[in-house]
There are 2 protein chains.
Amino acid sequence: MKSFGRIVVCGVGLIGGSFALALKARGLVREVVGLGRRMSTLEEAKSLGVIDTIATGWAEALEGAELVLLAMPVGQMDETMRAMAPHLAPGTLVTDAGSTKRDVIEGIYAHLSEHVANVVPAHPIAGAEKSGPSAARAELCAGRKVVLTPLPENDADAIERVREAWLATGGVLYEMSPAEHDRVFATVSHLPHLLAYALVHDVAQRENAGQLFGYAASGFRDFTRIASSHPEMWRDICVANRHALLGELDAYLAELAGIKALLEEGDGPALESLFKEARDKRDAWLAGQYNI
Amino acid sequence: MKSFGRIVVCGVGLIGGSFALALKARGLVREVVGLGRRMSTLEEAKSLGVIDTIATGWAEALEGAELVLLAMPVGQMDETMRAMAPHLAPGTLVTDAGSTKRDVIEGIYAHLSEHVANVVPAHPIAGAEKSGPSAARAELCAGRKVVLTPLPENDADAIERVREAWLATGGVLYEMSPAEHDRVFATVSHLPHLLAYALVHDVAQRENAGQLFGYAASGFRDFTRIASSHPEMWRDICVANRHALLGELDAYLAELAGIKALLEEGDGPALESLFKEARDKRDAWLAGQYNI
């Protein structure tokens with residue numbers, strides 16, 4: 001694989017930092033330039049060896065860069081693309097790691113329309129409840145799915161080169177349309193995050209919250225692990241994908257209404273059958289029966 | 001600690017089996033007699049060294065026993081106590097491992113009223129999504145909370161001896177009233193199980209369930225871990241504790257209604273603040289700030 005020379009990572013946290021470390025580990029970059037909102041985070045990333053150089057502006061960062069990764073919370077994508085656009089050279093490739101795709105793509109058409117041939121959206125399915133450069137590691141994406149949502153205007157060579165970069169992280173590449181992507185992840189990722197935050201928030205409001213947390217055990221811990229996720233990142237995802245997410249929330253509320261009726265009737269057999277179906281499907285999933 | 005001589009474990013799965021293994025590991029039993037619905041499970045438990053002897057009836061099992069542990073799903077407690085009552089000697093101690101306490105105690109008063117001085121209800125907070133004797137291990141309860149809900153009629157010596165048995169599992173003992181127990185665990189255990197089963201069931205019903213499971217990742221996996229729990233056990237818990245659980249479900253539905261309104265308004269700051277409060281409270285919990 002050909003080296004990427006100089007790359008720019010905007011947002012040097014878990015995802016951006018891990019992308020940089022993976023390409024470094026494979027010797028595929030000469031220099032990683034970091035850009036971001038907080039100098040303290042950039043300095044931490046530099047001291048950890050995640051990035052080589054701190055840029056204080058886009059003009060400086062993009063000088064001679066072959067590839068840019070946008071890895072901030074999706075709420076910052078629009079403003080970031082607006083700011084980078086005037087400084088982007090015609091041949092520089094751009095990809096992103098946004099957890100939602102339709103809103104990011106709206107930003108691409110709004111601000112990078114002259115560069116759209118070289119802007120290939122992506123989403124690595126490699127979250128963690130930890131964030132920041134100290135959580136980054138070269139193997140974060142190894143064996144994980146990375147979804148590309150190429151645009152009709154994308155140049156074939158640009159897609160190929162961006163694929164190479166994501167393959168270098170160890171990711172397993174898939175392609176979907178942006179709308180399909182946002183619907184699927186509303187179901188399997190965004191909704192569970194919302195539900196986990198909701199449960200912890202519900203418990204934390206109680207007068208006897210101390211007692212309740214005191215008796216919470218491993219089931220509660222695992223169910224709510226994703227409620228320790230980055231609040232700003234998840235705010236942005238929920239707002240960006242709120243239409244699909246509201247649809248998912250309604251489907252889930254209908255499911256809970258059905259279960260509530262079974263509880264009110266004390267219908268043990270129907271509850272057991274529902275639990276058994278869920279258990280069997282989950283176990284089949286864990287056994288790899290739903291690999292796509 | 002004085003040995004318990006012969007003990008009877010009714011239900012030789014994860015909890016009953018682990019209790020037996022713990023007492024054996026500490027040399028506190030001479031013989032563990034197993035009793036249960038399925039001969040195949042009892043034979044498996046015996047071949048694994050979890051129990052020493054298989055009993056085919058209560059008369060045989062209780063002969064010279066000092067302590068009985070009832071460790072079946074709570075839906076079987078009533079019938080089990082009815083069946084054991086005629087064969088229970090005046091001095092034999094009884095405890096249980098039921099996940100709900102009010103219904104078990106109703107069974108005690110209904111069937112074991114002559115023995116109530118020696119029947120001390122308990123609940124080890126040591127679940128797992130695995131079940132059966134092969135999942136049992138001596139250290140399952142080590143460092144875990146074990147809640148005792150002693151009855152007013154309990155003999156002080158009986159409480160002390162049952163405490164010793166649970167302490168021998170490595171459990172950390174707490175006491176609560178049965179009603180308080182059932183309310184607290186409705187919140188921190190029963191509701192999350194219901195919510196996890198509901199999400200997997202919801203996803204499994206979809207036309208594109210294969211695709212959805214295919215893209216589900218570690219967040220979904222941990223959130224739904226408890227949906228791989230024993231369906232019959234959780235049917236029994238939900239039915240037995242349905243009044244407290246319905247109250248919890250309503251509180252959660254109110255929480256979701258609030259979040260739904262924030263999503264509809266696209267209110268990012270309020271969502272972020274809610275997520276942040278949840279994250280901070282959960283992190284404080286993990287840091288041990290809610291130890292009781």
Can you pull out every residue in segment B:278-292 that is within 7 Å of chain A (Cβ to nearest Cβ), assigned to a helix (DSSP H, G or I) and out of contact with any Leu (no Cβ under 9 Å at 6 or more places or on another chain)? B:Arg279, B:Lys281, B:Arg282, B:Asp283, B:Trp285
Enumeration of residues in segment B:153-186 that are within 14 Å of chain A (Cβ to nearest Cβ) and of a type in the set (Val, Ile, Thr): B:Val172, B:Val184
With respect to B:Ala240, determine if the residue is outside the structural domain of B:Pro133 (by TED's automatic domain parsing), of a type in the set (Gly, Ala, Ser) and touching a Leu at 6+ places or on another chain (Cβ under 7 Å). no
Residue that is in contact (Cβ under 8 Å) with a residue 60 or more places away in the chain and under 12 Å from A:Arg279 (Cα atoms), where the choices are B:Arg183, B:Arg225: B:Arg225
Taking the condition of being part of a loop (DSSP other than H, G, I, E, B) and more than 7 Å from chain B (Cβ to nearest Cβ), how many residues in segment A:264-277 meet it? 1
Suppose we filter A:Leu23, A:Leu70 for residues that are farther than 28 Å from B:Gly268 by Cβ and in contact (Cβ under 8 Å) with a residue 24 or more places away in the chain; which single one remains? A:Leu23
Do we have any residue at all in segment B:98-107 that's closer than 14 Å to B:Cys10 by Cα and either at pLDDT 95 or above or small (Gly, Ala, Ser) (or both)? yes
Where A:His123 falls short, out of the listed (1) surrounded by fewer than 17 Cβ atoms within 10 Å (Cβ to Cβ); (2) within 30 Å of B:Leu195 (Cα to Cα): (1)
Out of A:Glu60, A:Glu44, sole residue that is part of a helix (DSSP H, G or I), in contact with a helix residue (DSSP H, G or I) (Cβ under 8 Å, 6 or more places away or on another chain) and surrounded by fewer than 20 Cβ atoms within 10 Å (Cβ to Cβ): A:Glu44
Residue identified as among the small types (Gly, Ala, Ser) and under 29 Å from B:Thr92 (Cβ atoms) among B:Gly219, B:Gly170, B:Gly210: B:Gly170
Taking B:Ser189 as the residue in question, decide whether it is small (Gly, Ala, Ser) and in contact (Cβ under 8 Å) with a residue 12 or more places away in the chain. yes
Go through (1) without any contact (Cβ under 8 Å) to a residue 60 or more places away in the chain; (2) out of contact with any Phe, Trp or Tyr (no Cβ under 7 Å at 6 or more places or on another chain); (3) surrounded by fewer than 18 Cβ atoms within 10 Å (Cβ to Cβ); (4) not in a helix (DSSP H, G or I) one by one and return the number of the condition B:Arg137 breaks. (1)
Out of B:Gly214, B:Gly219, B:Gly210, B:Gly143, which single residue is out of contact with any helix residue (DSSP H, G or I) (no Cβ under 9 Å at 6 or more places or on another chain) and either under 30 Å from A:Ser99 (Cβ atoms) or outside the structural domain of B:Met84 (by TED's automatic domain parsing) (or both)? B:Gly210
Give the residue that is surrounded by the fewest Cβ atoms within 10 Å (Cβ to Cβ), with candidates limited to residues of segment B:92-108 that are over 13 Å from the mean Cα position of the chain (by Cα), farther than 17 Å from B:Val29 by Cα and of a type outside the set (Val, Ile, Thr). B:Glu106
Have a look at A:Met77, A:Met81 and point out the one that is within 14 Å of the chain's Cα centre (by Cα), part of a helix (DSSP H, G or I) and either over 19 Å from A:Glu232 (Cα atoms) or free of Cβ contacts under 8 Å to residues at least 40 places away in the same chain (or both). A:Met77
Spot the failing condition for B:Ala261; the list is (1) more than 8 Å from chain A (Cβ to nearest Cβ); (2) within 18 Å of A:Tyr215 (Cα to Cα), and only one is missed. (2)
Residue check, A:Lys281 at pLDDT 95 or above, among the basic types (Lys, Arg) and surrounded by fewer than 20 Cβ atoms within 10 Å (Cβ to Cβ): no
Taking segment B:193-249 and keeping only residues that are more than 7 Å from chain A (Cβ to nearest Cβ) and within 14 Å of A:Tyr252 (Cα to Cα), one is left with B:Gln205, B:Arg206
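The values are calculated or read from the model by the stated rules, or taken from the named source; none is laboratory data. What you see is a predicted model; the values in this text were computed from it and never measured. Counting neighbours? That spans all protein chains shown, and the Cβs are built from the backbone with ideal geometry, glycine included.
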